[in-house]
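Only one structure is covered here, and it is reproduced in the block below.
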Amino acid sequence: MDRVHRIADRISGYANHVTAALLLSMFVVFLLQIIFRYLLGWPVLWTVEWVTIAWLWGILFGFAFVLKSADMIRLDILYNAVSRPIRRAMDVGVGVTVAAIFGYTLPHAWDYVSFMGIERTAAFRWPFDIVFAIYIPFHIAVIVRMLLLAWGGITGTRRPEDLERHPEGHDHD
């Protein structure tokens with residue numbers, strides 16, 4: 001299992017670079033938008049479209065491939081107040097429930113993303129199914145994460161970094 005975690009951490013590292021590149025591109029394009037609109041007097045549509053698409057991809061791609069379970073914002077006041085066996089039961093209940101909901105809605109999400117291919121974006125003329133395609137890996141990542149949460153609750157084998165409180169998380173806010 002450690003080998004799987006190492007591979008996942010390596011993929012997460014590469015994905016972190018992709019997310020950072022998306023954020024950098026948003027910043028550069030935002031500056032270009034200011035230059036075009038206010039200095040040159042040329043309002044351009046593509047800058048707004050790029051920032052919107054990059055933001056969508058950055059958020060969903062980041063959750064699917066970069067964010068670790070310990071970094072997720074969660075309401076853990078109740079979770080930390082109960083005993084370890086109850087926490088494990090909560091992990092199983094939440095994990096199975098959310099995985100079931102997302103599993104049930106995956107075909108519908110796929111249909112919607114596929115259907116959106118009939119429309120195109122205003123500036124780039126990209127089909128919307130490509131724009132929204134990142135939602136499918138996000139959707140699958142939620143299912144996998146929740147099944148892993150449930151499995152960790154069943155077996156008691158959750159990773160220590162998922163259980164420990166640390167200042168980088170939101171445990172001390």
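Worth pointing out:
- On Cα atoms only, tilt of 2-34 relative to the major axis of the chain in degrees: 30 degrees
- HN-Hα J in Hz across the stretch 137-150 - Karplus 6.51, -1.76, 1.60, θ = phi - 60°, x for Gly and Pro: x, 4, 4, 5, 4, 5, 4, 4, 4, 6, 5, 5, 4, 5
- The charge dipole of the chain, taken about the Cα centre with unit charges on the Cβ atoms of Lys, Arg (+1) and Asp, Glu (-1), comes to about 220 debye, rounded to the nearest 20.
- Mean residue ellipticity at 222 nm, helices only, the chain: -23000 deg cm²/dmol; runs of at least 4 DSSP H residues each add -39,500 (n - 2.57), and the sum is divided by the number of residues.
- Each 5 Å bin from zero up to the one holding the largest Cα-Cα distance in the chain carries the following percent of pairs: 1, 7, 12, 16, 16, 15, 11, 9, 6, 4, 2, 1, 0.
- According to the Kirkwood relation over distinct C-alpha pairs, the hydrodynamic radius of the stretch 72-173 is 15.9 Å.
- Backbone HN-Hα couplings from phi across the stretch 115-132 [Karplus 6.51/-1.76/1.60, Hz, Gly and Pro as x]: 4, 5, x, 6, 9, 10, 5, 5, 8, 7, 6, 7, x, 5, 5, 6, 4, 8
Quick note: the coordinates plus some simple rules give every number you see, no bench work behind them. Everything numeric here is computed off the predicted structure, so don't read it as measured data. Methodologically, a virtual Cβ is constructed for each residue, glycine included, from the backbone with ideal geometry; neighbour enumeration extends over all protein chains shown.
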